[in-house]
Amino acid sequence: GWEVTHRFNSGLELDVNFLPDRGSGQSRVHLPAVSFRVLQQLRASFHSQGAVFIPDFKPTGKHVLNEVHAGLLSKVCGLLPPAAVGEVSTIFQERCEGSQTTSTLRQQSWEVQSSDSDTIVRLEEGREAADISVCCAPGVGALAAPIIALARLATPALVHSSIQVVPVRYVALIICPEAWDPYEAQMASQLGEALATTLMDEDFVGAMCKEGQADLEGVLAALDRYLTTLTIVPTVHLAKSSTPRGNRTSECLLSDSIVDSIENLICERRGIKKKSHDAPRKHHRQQHTHSRLRAAAAARRPTAATTPHFFIEVDEHIGSDRWRMTHRLQQGLELDDVAKSDNLHLPRVCIGALATLQQLMTPASVQLDVAAASPVEAVNFVLGVLRGDVPAAAMVDLSKALLDRASCTDIVSTKTLESEACTDLLKPRAGSEACNILAMTCKSMPKSHKISGVFARFRSPLNFSFPSTSLPSRFLLVFTGPVESQAKLATLVDSVAALATDEDLMAGLHSVTTAREFTRTFELRLDSLLMVPHARLLKAGEAEGGVAKEHRGGCGGHGGGHAGFVEGGSHSAATDDTENSNGALARFRETRDRVVKVVQKYSLPLISGVFLAMLWANVDEHSYHDFNDGTLMGEHTIFGHTVSLHFLVNDIFMC
């Protein structure tokens, strides 16, 4: 059967069928967590031949989901075994019948419908929804990739969810083969969650539906762009606070602080009182795979008293014996030294860069407990590792560049921190250590040569610091490639730095004893990336308009079939310039942008001004000259000229 599993709204996720703790009758909203592997699969499925996108579906009858599902299935039935077509159609027919009678959708007995979490994800008036149905069927067989079919309705259609009637704009089907491996079986549900998280990103939805790009190619381009700038929330342990139930203390994570801020804003906008909780926010995936590996990593991890904090600095070689600082990160926040703004922001990662990172992590490239008494010794060790992977002709340039970094004290930085808050947050803590990430290109390296990397961890006690960073250096990560790979290299080091600001990850890397454990610690972190969709949250009193997300999943019978249903309203899919905005403000912005574009394209202000001036001069020449040549400053003159509109326009603004 079909059951509710997740709801999404305003960048938040609610696990409907996950019981977080004994004694707790509610699941709390949290940031969506997406696996790196699932994001790769999502991209592969959209780029496969089986992907379908119908841009403006126009249902004609009352049973909208029936029509949309039938239309999408007709596009993908050729990829399914003939015997499975009827089975899959029957499964989705049951899903559509359930949407018309919400009582047929199974609800967990512990779920409290009146909880504040349920209120947070409830769809607001003026917004739209996305309905995602996930189906794992035994008869589908072995597919090369899960099938994803997406339709955008020409006009929103009212559909019953488990808690309310929602206007659905997007309908998606995800069809996967039944998997007996528990980890593989989760892939179907996680794909649905990943798609729901993606649809909450208003940049993605806006790019997907731009005028002239509302087709599958537009979806693929928007998805690739989205996957290159994923905003993540690292695990950062903030100051502890007492719980309401006694003297116990619980750690507050950066992610919890962000969710609390979003909840406060939503409650303020809706005029409701936020309920207090002492139960932790837990994502359902934290209870799933690799439990023994996680336990082993926790056992190796130092105690909180001995675990150092890390300051991350990213430097780029810019030629002529010069290095430039590009990023500084600490406490889960990032400062772009080469950007115009000095605002701190959450770090971003690129899926392609993370794939490259996995390829670079080999037993030869990971070097642990390196003995080095100075930056020069550290760099010479790294050069020795690179020598086996870099052409001899390029080693001369690389050696010179790295030795310059080890000895130079004048690191180019275009950023002077004027904000007291920025200075405070980026100020190294007592007992902190440094993680230096260096990127450099080499002209003498062949264009076809791949990026090379070295991951070095230095032995205690730490005896040196790199110039420009006063903290003792624990990690040195060096990446190099041909000049043609400069953009790819920059994206790689940015993604590595984003992961390095995760305190749990760095604590694990600080304590592992083998290169294999080092690599596995990275892989475990990539298994659950906390995401922040790019979205705007309106404050109280502001107009609303947007698209909400609703994701559903289902399964067939035959024993062991998996079913999932995810629903939710997502503010983040609302955009200023897309066709999916349904509120009054969104419609106004869409019309405004279209008008401004036409006005600019045809220079309408200039033409209108000339026409009105000619008309005025011919109808009433006297008043025209009085307005044009009359003085604006009485008897005052500028260089002997009367200050008139004629003088200002002709002699100043047009000179």
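The values are calculated or read from the model by the stated rules, or taken from the named source; none is laboratory data. This structure is a prediction, so every number in the text was calculated from the model and none was measured. Using ideal geometry, Cβ is built from the backbone for each residue, glycine included, and neighbour counts are taken over all protein chains shown. All accessible areas refer to the heavy atoms of the entire protein, side chains included, with ligands and DNA or RNA removed. Shrake-Rupley method; radii C 1.70, N 1.55, O 1.52, S 1.80 Å.
So here's what we get for this one:
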| item | result |
| --- | --- |
| Flag for LEU524 being among the hydrophobic types (A, V, I, L, M, F, W, C), without any contact (Cβ under 8 Å) to a residue 60 or more places away in the chain and more than 24 Å from ASP321 (Cβ to Cβ) | no |
| Subset of segment 105-144 that is among the small types (Gly, Ala, Ser) and open to solvent by 20 Å² or more (accessible area, probe 1.4 Å) - its residue that is modelled with the highest pLDDT | GLY126 |
| Pairs, first more than 20 Å from ASP494 (Cβ to Cβ) and charged (D, E, K, R) in segment 296-321, second at pLDDT below 85 and open to solvent by less than 50 Å² (accessible area, probe 1.4 Å), C-beta under 9 Å, six or more apart | ARG301/THR307; ASP321/CYS408 |
| Top-ranked residue of segment 377-396 - restricted to ones that are more than 15 Å from LYS450 (Cα to Cα) and among the β-branched types (Val, Ile, Thr), ranked as most open to solvent (accessible area, probe 1.4 Å) | VAL396 |
| Residues of segment 82-100 classified as under 13 Å from ILE175 (Cα atoms) and either modelled with pLDDT under 80 or touching a Cys at 6+ places or on another chain (Cβ under 9 Å) (or both), total | 6 |
| Residues of segment 601-621 classified as open to solvent by 80 Å² or more (accessible area, probe 1.4 Å) and of a type in the set (Ser, Thr, Tyr), total | 1 |
| Scope segment 629-651; condition of a type in the set (Asp, Glu) and assigned to a helix (DSSP H, G or I); matching residues | ASP629, ASP651 |
| Single match in SER365, SER374 (criterion: buried (at least 16 other Cβ atoms within 10 Å of the Cβ), out of contact with any Pro (no Cβ under 8 Å at 6 or more places or on another chain) and polar (S, T, N, Q)) | SER365 |
| Residues (open to solvent by 10 Å² or more (accessible area, probe 1.4 Å) and either acidic (Asp, Glu) or in contact with a strand residue (DSSP E or B) (Cβ under 7 Å, 6 or more places away or on another chain) (or both)) located in segment 514-524 | ALA515, GLU517, THR519, GLU523 |
| Lone unmet requirement of (1) in contact with a helix residue (DSSP H, G or I) (Cβ under 6 Å, 6 or more places away or on another chain); (2) modelled with pLDDT of 90 or more; (3) in a helix (DSSP H, G or I) for ALA406 | (2) |
| Residue match in segment 585-603 (condition: aromatic (Phe, Trp, Tyr) and either at pLDDT below 75 or in a helix (DSSP H, G or I) (or both)) | yes |
| Yes/no for GLY192 being surrounded by fewer than 22 Cβ atoms within 10 Å (Cβ to Cβ) and at pLDDT 80 or above | no |
| Residue match in segment 622-630 (condition: open to solvent by less than 60 Å² (accessible area, probe 1.4 Å), touching a Leu at 6+ places or on another chain (Cβ under 7 Å) and over 30 Å from GLY206 (Cβ atoms)) | yes |
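Conditions tested, residue by residue: (1) open to solvent by less than 40 Å² (accessible area, probe 1.4 Å); (2) touching a strand residue (DSSP E or B) at 6+ places or on another chain (Cβ under 8 Å); (3) not in a strand (DSSP E or B).
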site	(1), (2), (3)
ILE318	no, yes, no
LEU329	yes, yes, no
LEU335	yes, yes, no
ALA353	yes, no, yes
